[in-house]
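Structure record follows, encoded as structure tokens.
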Amino acid sequence: MVPVTHCACVSPPCDAYGTVIGEIWRFQTQPYLGDLDSDGDVDQEDFGRLQVCLSASEVPRLNPPCSRARLDDDDDVDTDDVTVFMSYFSGPETAPPDHCLVTGP
């Protein structure tokens, strides 16, 4: 997963020719591990998405919707992933600690 780049124009945004004349601010948001719905927290809604992907140990879950639910270093989504998920759990509208930020691809 990669950071998401956001852009914002500060008014006045454009001149009569459509050229941006105001400042453009660019910033990136970094996703959190366990934030399966990408809303900036790790809560019960994310756990629901993890539950849909649960499998037995050693049973791969390679479909794209479950790729973010594989929180440990294997291809299944099992109790080990639930344990990792619970360490990231922050609750609704509460950002997890910075150690939960995705730092690689």
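Brief remarks on what is shown
- 5 angstrom amide H check on Leu101, placed H, neighbours 5+ away: Leu33
- Here the extension length gained between Asp98 and Asp72 equals 7.6 nm, from 0.36 nm per residue of separation less the Cα-Cα distance.
Just so you know, all these numbers are worked out from the coordinates, no wet-lab data involved. Bear in mind that the values here come from a model prediction, so they are computed numbers and not experimental data.
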